[in-house]
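The values are calculated or read from the model by the stated rules, or taken from the named source; none is laboratory data. The structure presented is a predicted model; accordingly, all values stated were derived computationally and were not measured. Neighbour counts are summed over all protein chains in view; Cβ atoms, including those assigned to glycine, are modelled from backbone coordinates with ideal geometry. Just the protein is used for accessible areas: all its heavy atoms, side chains included, with ligands, DNA and RNA removed. Shrake-Rupley method; radii C 1.70, N 1.55, O 1.52, S 1.80 Å.
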Amino acid sequence: MILFLVQFLGLLAVALWVGAGTAIVFLVVPAAFEVASSREQAAALIGSIMQRLNRYALAAGSIALASALLELVGARGASRAVALKAALIAAMLGLCLYSRLVVAPDIQRVRTELGDVREAERADDPRRAELGRLHAFSGVLLIGQTLLGGFAIGLALMNGR
């Protein structure tokens with residue numbers, strides 16, 4: 001019974017993480033750029049949402065990874081699939097940490113630098129293109145987390161663990 005609860009908690013954490021990432025990619029980002037009065041405002045909104053998601057993902061990922069490791073240690077005859085699920089979750093956490101600790105500070109740095117530039121000069125500023133690349137890369141990292149999480153869920157469902 002305890003093993004079932006550990007498995008359930010881990011699967012729930014991954015499912016919520018994947019669901020949140022999917023909702024942001026397919027619902028929030030397009031709506032923000034559609035409704036916001038400027039691209040900068042939409043990007044700021046999405047940046048704020050991503051900061052919150054990263055905090056949540058670190059908590060959910062820690063729970064999911066601990067659950068997978070407990071399952072690996074606690075289940076007799078734990079399969080390679082459980083080890084692979086733990087590795088997928090660890091990779092998700094790695095992408096999340098990279099996004100939070102490397103990409104997000106770079107985005108903030110470039111946004112701050114651009115904030116000091118007059119509006120008329122911003123359009124030609126190469127830092128604007130850099131900011132666009134960083135935002136796109138942040139999105140790729142989120143999609144990567146979501147895909148890895150989908151594989152982890154599928155693996156858990158296929159193996160009944």
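Taking only protein heavy atoms and a 1.4 Å probe, what accessible area per residue, in Å², does the chain have with all protein chains in place? Can you show the working numbers first?
On the way: 9320 Å² over 161 residues.
Result: 58 Å² of accessible area for each residue.
Using 7 Å Cα-to-Cβ label points, what is the Glu130/Thr22 separation (nm, one decimal)?
About 3.7 nm separates the two model spin labels.
Using 1/(1 + (r/R0)^6) with R0 = 35 angstrom and r between the beta carbons of Arg55 and Leu157, what's the FRET efficiency to the nearest 0.05? Before the final figure, lay out each step's value.
Working: r = 27 Å, r/R0 = 0.78.
FRET efficiency, Arg55 to Leu157: 0.80.
In debye, nearest 20: dipole of the chain around its Cα centre with unit charges on the Cβ of K, R (+) and D, E (-)?
Numbers: 15 positive and 11 negative charges, 128 e Å.
Value, rounded to 20: 620 debye.
In terms of modelled amide H atoms, which long-range or inter-chain residues lie less than 5 Å from the amide H of Asp125?
none
Over the residues of the range 1-125, compute the C-alpha Rg and express it relative to 2.2 N^0.38 Å. All intermediate terms of the calculation are to be shown ahead of the outcome.
Values: Rg = 19.1 Å, N = 125, 2.2 N^0.38 = 13.8 Å.
That works out to 1.39 for the range 1-125.
Could you pull out every whole DSSP H run in the chain that spans at least 24 Å of Cα extent along its own axis and averages -1.0 or higher on the Kyte-Doolittle scale? Intermediate results must be reported in sequence, preceding the final value.
On the way: long enough: 2-23 (31 Å, 2.11); 39-74 (50 Å, 0.74); 80-98 (27 Å, 1.73); 126-159 (50 Å, 0.75).
Once both thresholds are applied, what remains is 2-23, 39-74, 80-98, 126-159.
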